[in-house]
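Pasting a structure here, questions to come.
Nothing in this text is a laboratory measurement; each read-out follows from the coordinates by a stated rule. Bear in mind that the values here come from a model prediction, so they are computed numbers and not experimental data. Cβ coordinates were reconstructed from backbone atoms using ideal geometry, including for glycine residues, and neighbour counts include every protein chain displayed.
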Amino acid sequence: MASSAASFPVRVFGGPTALFEYGGLRFLTDPTFDEPGEYGREGRPLLVKTAPPAGALAEVGRIDVVLLSHDEHADNLDTSGRALLADVPLTLTTPGGGERLGGTARGLADWESVELERPGGGTVTVTGVPALHGPGAREDVEAVTGQVVGFVLTGEGLPSVYVSGDNASLEVVGEIAQRYAPLDTAILFAGAPRFPVLFDGATLVLDSAQAAEAAALLGARRVVAVHHDSWAHFTEGRAELEAAFAAAGLAEVLDKA
């Protein structure tokens, strides 16, 4: 299949939320459009949103597909984002999330693909790829933070795209790289989120240095960094990302903020 390194605009709204058009279809990642506030559930750490979205939900326009890494945490699917799903023709997420959300949501197992019709002909292939929301063995991590899925998008004459979701494992990135590297665009969730009560305070998603290492493993020609602002449990932001990519000799790969 032919691949094009041609770039395409990605609009980042803050947190894990990004909008891009690919193959004539409009994709939105992990929708979070609430104003600042707190989210609490019994037995779960308190999540605190610290900044409003960098654009109103009304500005998003038509969405053809939501790529939802997981539905169980408000910093990946907040109240406004959850309401938005009712008007979206297709939400791709984890198998468990597909069952919980119902409606037009569909779960993708690891390495399972779906073909989406492109306007004007042809298809976009979206493949669910592994993600691990914390350190350690998969069964131990998923028992605490739940199942997460990432995505790879491909299509004839289109650039290849990786959306990591809330992944903390470079081993997982290596598995994806074995199948798809080099990748044209990697939308990497970063921010080094931590909670002292979970995994002894270890990071639940890539830190900045790991994001740079992931970019190298993937042979990514461009990295769009998301999931590093607007929430109190993110411990590294844009400055740390820029420093890490510069230290790895990859400054030119990281999209400008």
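What's the local net charge at residue 100, with K and R +1, D and E -1, over the other residues with C-beta under 10 Å away?
-3
Same structure, new question: With +1 on each Lys and Arg Cβ and -1 on each Asp and Glu Cβ, and nothing else charged, work out how big the dipole of the range 131-183 is about its Cα centre, in Debye to the nearest 20.
140 debye
Farthest toward the dipole's positive end in the range 10-247, which of 79, 167, 153, given Cβ charges of +1 (Lys, Arg) and -1 (Asp, Glu) about the Cα centre?
153
Mind listing the phi-derived Karplus ³J(HN,Hα) values for the range 184-197, rounded to whole Hz, using 6.51, -1.76 and 1.60 with θ = phi - 60°, and x for any glycine or proline?
For the range 184-197, the Karplus-derived couplings read 6, 10, 10, 8, 9, 7, 9, x, 6, x, 9, 9, x, 7 Hz, x marking Gly and Pro.
Taking θ = phi - 60°, what integer Hz values does the Karplus form 6.51 cos²θ - 1.76 cosθ + 1.60 yield along the range 28-35, in sequence order, with x for Gly and Pro?
Values per residue, Gly and Pro as x: 10, 9, 4, x, 9, 10, 5, 6 Hz.
Separate question: Fewest to most neighbouring Cβ within 10 Å: what's the order for 166, 87, 75?
Final ranking by Cβ density, sparse to dense: 87, 75, 166.
Roughly what % of Cα-Cα distances in the range 10-247 sit above 26 Å, to the whole percent?
So the portion of pairs separated by more than 26 Å is 31 percent.
Given 188, 134, 253, which one lies farthest toward the positive end of the charge dipole of the chain, if we put +1 on the Cβ of every Lys and Arg and -1 on the Cβ of every Asp and Glu?
253
Non-local amide H neighbours of residue 22 (under 5 Å, H modeled in plane, Pro and chain starts lacking H): which ones?
For residue 22, the qualifying residues are 27.
Nearest 20 debye, what's the magnitude of the dipole of the range 10-247 about its Cα centre given +1 on Lys and Arg Cβ and -1 on Asp and Glu Cβ?
420 debye
Which residue, 45, 223, 105, has the largest displacement toward the positive end of the dipole of the chain when charges sit on each Cβ (Lys, Arg +1; Asp, Glu -1)?
Of the listed residues, the answer is 223.
Once each part is reduced to its C-alpha centroid, what is the distance from the range 202-257 to the range 100-146 in angstrom?
22 Å
With contacts defined as alpha carbon pairs under 8 Å and 6 or more residues apart, what's the relative contact order of the chain in percent?
In percent, rounded to a whole number, it is 17.
Scan the range 41-121 for trypsin sites (Lys or Arg not before Pro) in coil per DSSP, keeping those whose Cβ has at most 11 other Cβ atoms within 10 Å, and list them by number.
Those that pass, being in a loop and sparsely packed, are 41, 62.
Once label points are set 7 Å from the Cα along Cα→Cβ at both residue 175 and residue 57, what is their separation, rounded to one decimal in nm?
The modelled label-to-label distance comes out at 3.4 nm.
Give a residue-ordered list of calculated ³J(HN,Hα) values for the range 219-227 (Karplus: 6.51 cos²θ - 1.76 cosθ + 1.60, θ = phi - 60°; whole Hz; x for Gly, Pro).
x, 5, 7, 8, 10, 9, 8, 10, 6
Efficiency by 1/(1 + (r/R0)^6): what FRET value for residue 11 and residue 125, r their Cβ-Cβ distance, R0 = 35 Å, to the nearest 0.05?
Between residue 11 and residue 125 the formula returns 0.90.
Are there GluC sites (Glu not before Pro) in the range 162-257 that DSSP puts in a loop and that have at most 15 other Cβ atoms within 10 Å, and which ones?
Hits after loop and neighbour filter: 252.
If I take every Cα pair under 8 Å that is 6 or more residues apart in the range 134-175, average their sequence separation and divide by the length, what percent do I get for the relative contact order?
37 percent
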